[in-house]
Every structure is written in structure tokens, then in C-alpha cells.
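Asks: Can you keep this structure in mind? I'll have questions shortly.
The values are calculated or read from the model by the stated rules, or taken from the named source; none is laboratory data. From a predicted model like this one, the values you see are computed outputs, not experimental measurements. Note that each Cβ is placed from the backbone with ideal geometry, even for glycine, and that neighbours are counted across all protein chains shown. Remember, those area values only see protein heavy atoms, side chains included, never the ligands or the DNA or RNA. Shrake-Rupley method; radii C 1.70, N 1.55, O 1.52, S 1.80 Å.
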Amino acid sequence: MSNFLATAAYKLAAHLPKQLPADTAREVAFAGRSNAGKSSALNAMCNQHRLAKTSKTPGRTQQLVYFEVAPELYLVDLPGYGYAKVPMDLRAHWQEFINKYFQTRQSLKGLVVVMDVRHPLREFDLAMLDYARARTLPAHCLLTKADKLSRGAAGSTLLSVKRELGEVGSVQLFSSETKQGIDEARAVVTSWLRG
């Protein structure tokens, strides 16, 4: 099966709304706590090693980073949330920017919420899912680092997250290390981009 996302390439990084591409495209946003494995998941899904920058330091993504898959089709890497070492005024700026992005961006066709399987559905994750619910935007949760738990523990976490989410979104186990769930996640994102 060919990978539609493999052509993704860096397009731009936006720190202000006016830096965003024209609101006439189709885009899928990736959100997650710092160090939940968001950049690794993006890289794995696109079958590229250095597309999204990975880091051991939380909060490295400090802008909305756009990757172009095809003309007018984008993957958007949002700033990691829960960043401890970010000045308050910068945090407030991001919050306002992200709020506006979710409330007004017509190009946004889906939201992938990336959560460490060992710490799912934290406050910020739920806030992201609330954005999706408010916009009736499809949401898909990746429970990353599934290789860090036994199969049984990962499976029971998946079931409890599914129960808690209800109709808000879909959820799956994912590991960029073992490649678990990559095809499933890729299929969801590709369907949103292609419309």
C-alpha cells in the first residue's frame, strides 16, 4: 500500500495568525503534551526520520509548523502543551493563537491528539478534544509508546480511553518504535486530507 503522506515536506512555521497559509486548503492538526511522542508519530506516519524535529527537551515546537503533503494539503504540528519552562507571556500568546486557530480555521479537517499510553486523557488532552467537539471536527487519539506497556496493560488502557471518549473521537494504540498502529493512523489522516 503506498504512503500518501510520504511526500510531506516542511512548508512554514507560523508564530502569528497572519503567517498561516490562505484558509482555502485542507489540513490535519497534531496536538499533544510535550514529549508525548508527537514528532515521532508524525515522522513514522510519513516514513521520514527528520521531518518533524524530535527532542528530549519538552516544548521544542514553539510555532504551528506546516508540512505540505500535496498542494493545499497540510499536516500541522502544534506546540506541545504542558511546557514547564516557557515564559508566561509566550504561553498566553500561544493559548490565544491556538484558541483562534481552532475556532476560526476553515481548512482544519481533523485533529490527532497524541497521548502517552501511560498518561492518557490529561487536562490539556481533554481541552483539545473539547475544541474538536465544539467544532464537530473529527478527532483521533494516538496512545503512543504502546511498546512501554505489556500487551494486556496497553489493551485495558485502550478500552478505558474508548469508554471515556464515547462519541468524541476514535482511539488506537501506537508505537513509532515497533511501528504498531502506523498504517491505521495513516489511513485516518489520509482520509481527512483527501476529503
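Asks: Please go through the range 117-143 and give me each residue that is charged (D, E, K, R) and either out of contact with any Cys (no Cβ under 9 Å at 6 or more places or on another chain) or assigned to a loop (DSSP other than H, G, I, E, B) (or both), ordered by number.
Replies: Correct list: Arg118, Arg122, Glu123, Asp130, Arg133, Arg135.
Asks: Right, here's the next one. Which members of the range 159-185 meet the condition of being in a helix (DSSP H, G or I) and open to solvent by less than 30 Å² (accessible area, probe 1.4 Å)?
Replies: Matches in the range 159-185: Val161, Leu165, Ile182, Ala185.
Asks: Mind listing whichever residues of the range 128-155 are touching a Leu at 6+ places or on another chain (Cβ under 9 Å), open to solvent by 20 Å² or more (accessible area, probe 1.4 Å) and among the small types (Gly, Ala, Ser)?
Replies: Scanning the range 128-155 gives a single hit, Gly155.
Asks: Can you confirm whether the range 167-174 contains a residue that is without any contact (Cβ under 8 Å) to a residue 40 or more places away in the chain and over 20 Å from Leu121 (Cβ atoms)?
Replies: Checked the range 167-174: no residue is without any contact (Cβ under 8 Å) to a residue 40 or more places away in the chain and over 20 Å from Leu121 (Cβ atoms).
Asks: Filter the range 66-116 down to the residues that are assigned to a helix (DSSP H, G or I) and among the hydroxyl-bearing types (Ser, Thr, Tyr) and list them by number.
Replies: Across the range 66-116, the qualifying residues are Tyr101, Thr104.
Asks: Restricting to the range 26-42, name every residue that is out of contact with any helix residue (DSSP H, G or I) (no Cβ under 7 Å at 6 or more places or on another chain) and either open to solvent by 10 Å² or more (accessible area, probe 1.4 Å) or acidic (Asp, Glu) (or both).
Replies: Glu27, Ser34, Asn35, Gly37, Lys38, Ser39, Ser40
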